[in-house]
């Protein structure tokens, strides 16, 4: 096989992802380039199996020379990439068994509304709050960033606020409407999440969006920001609301845990946990859990009784709470998803039995 024109090859692969409605592109030595469409991985068998030179050649199109050097030293790297035809990707380069792998996630241009994302209108209420802490949680690839973008864009359309996002890397690029939006990328615009968060207090900010809660210091500063008149939106890789609260509190040393419990019980607005479930008609549809912080939840957080939170969510529909099993059962009843998929995505399959 002749040598690949790596610039042209990358453009070609990106065109295939966009054209096929794909969500991801995987590039690794010794394999066919592979795309993910509606959750399924599809190898591009008309392409050649990638050599080491091809993989590094494609990487050098995605990263600057300096970033390639840095990657070879650190052995992993997050980055964002905008192609010539306007497609934007969030990328990660890594080593596996001594060879380089690259995963690229396509970031749609248009920021979808909550309705277009099939998300409940009730979460739009959190975007209208003046202060407090709202988290979108779930495993990787479940649409957390997309949901946050929908909320930020709603604020942008409805309110005159100064919004600062701190991201690694920047994913959705917002167009200013009523609000001023400044987007800061870790390593490009700021050294790290913590440095950016510390300086945000001097930037006359109203709304802060933190791409991901990393480290105790970032969490502590974010909670303090939520207490001092800012609306703070962020994400965590946790399974549900109760686990999220435990994760936040457990990230602190034992002597700091009672203070963070008190702070969190007062500043938390809500936690939205989501999963993208395969839709019978094609594509994906979200199932979700919504915790709304009220007196009962606040007391459980303060008293360290997080194991009781799930019961409060199950019985709290009058307060706007949504239980994941109820959400899955409704999707089954509406003919949107298969019962077996509902069980697959449920965190409490026995409880789902009663609803389906």
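The values are calculated or read from the model by the stated rules, or taken from the named source; none is laboratory data. Quick caveat: nothing in here was measured; it's all calculated off a predicted structure. Here Cβ is always computed from backbone atoms with ideal geometry, including for glycine, and neighbour counts include all displayed protein chains.
Annotations
- Residues of the stretch 109-124 that are without any contact (Cβ under 8 Å) to a residue 24 or more places away in the chain and in contact with a strand residue (DSSP E or B) (Cβ under 9 Å, 6 or more places away or on another chain): 109 alone.
- Residue check, residue 138 under 21 Å from residue 252 (Cβ atoms) and in contact with a helix residue (DSSP H, G or I) (Cβ under 7 Å, 6 or more places away or on another chain): no
- Total residues in the stretch 181-198, condition over 24 Å from residue 86 (Cβ atoms) and assigned to a strand (DSSP E or B): 1
Let's see how each residue does on (1) touching a residue at least 60 places away in the same chain (Cβ under 8 Å); (2) in contact with a helix residue (DSSP H, G or I) (Cβ under 9 Å, 6 or more places away or on another chain):
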site: 144; (1), (2): yes, no
site: 149; (1), (2): no, no
site: 152; (1), (2): yes, yes
site: 159; (1), (2): no, yes
site: 165; (1), (2): no, yes
site: 172; (1), (2): yes, yes
site: 182; (1), (2): no, no
site: 185; (1), (2): yes, no
site: 190; (1), (2): no, yes
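- Note on the stretch 309-347: residues that are part of a loop (DSSP other than H, G, I, E, B) and without any contact (Cβ under 8 Å) to a residue 24 or more places away in the chain amount to 3.
- Filter result (closer than 24 Å to residue 288 by Cβ and in contact with a helix residue (DSSP H, G or I) (Cβ under 6 Å, 6 or more places away or on another chain)) within the stretch 220-233: 223, 226, 232, 233
Per-residue answers, yes or no, for (1) in contact (Cβ under 8 Å) with a residue 60 or more places away in the chain; (2) in contact with a strand residue (DSSP E or B) (Cβ under 6 Å, 6 or more places away or on another chain); (3) outside the structural domain of residue 277 (by TED's automatic domain parsing):
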{"position": "19", "(1), (2), (3)": "no, no, yes"}
{"position": "24", "(1), (2), (3)": "yes, yes, yes"}
{"position": "37", "(1), (2), (3)": "no, no, yes"}
{"position": "43", "(1), (2), (3)": "no, yes, yes"}
{"position": "49", "(1), (2), (3)": "no, no, yes"}
{"position": "53", "(1), (2), (3)": "no, no, yes"}
{"position": "79", "(1), (2), (3)": "yes, yes, yes"}
{"position": "87", "(1), (2), (3)": "yes, no, yes"}
{"position": "99", "(1), (2), (3)": "yes, no, yes"}
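- Every residue from the stretch 55-77 that is surrounded by 16 or more Cβ atoms within 10 Å (Cβ to Cβ) and in a strand (DSSP E or B): 77
- The condition (being surrounded by 16 or more Cβ atoms within 10 Å (Cβ to Cβ), within 24 Å of residue 242 (Cα to Cα) and under 13 Å from the mean Cα position of the chain (by Cα)) is satisfied by just one residue among 142, 131: 142.
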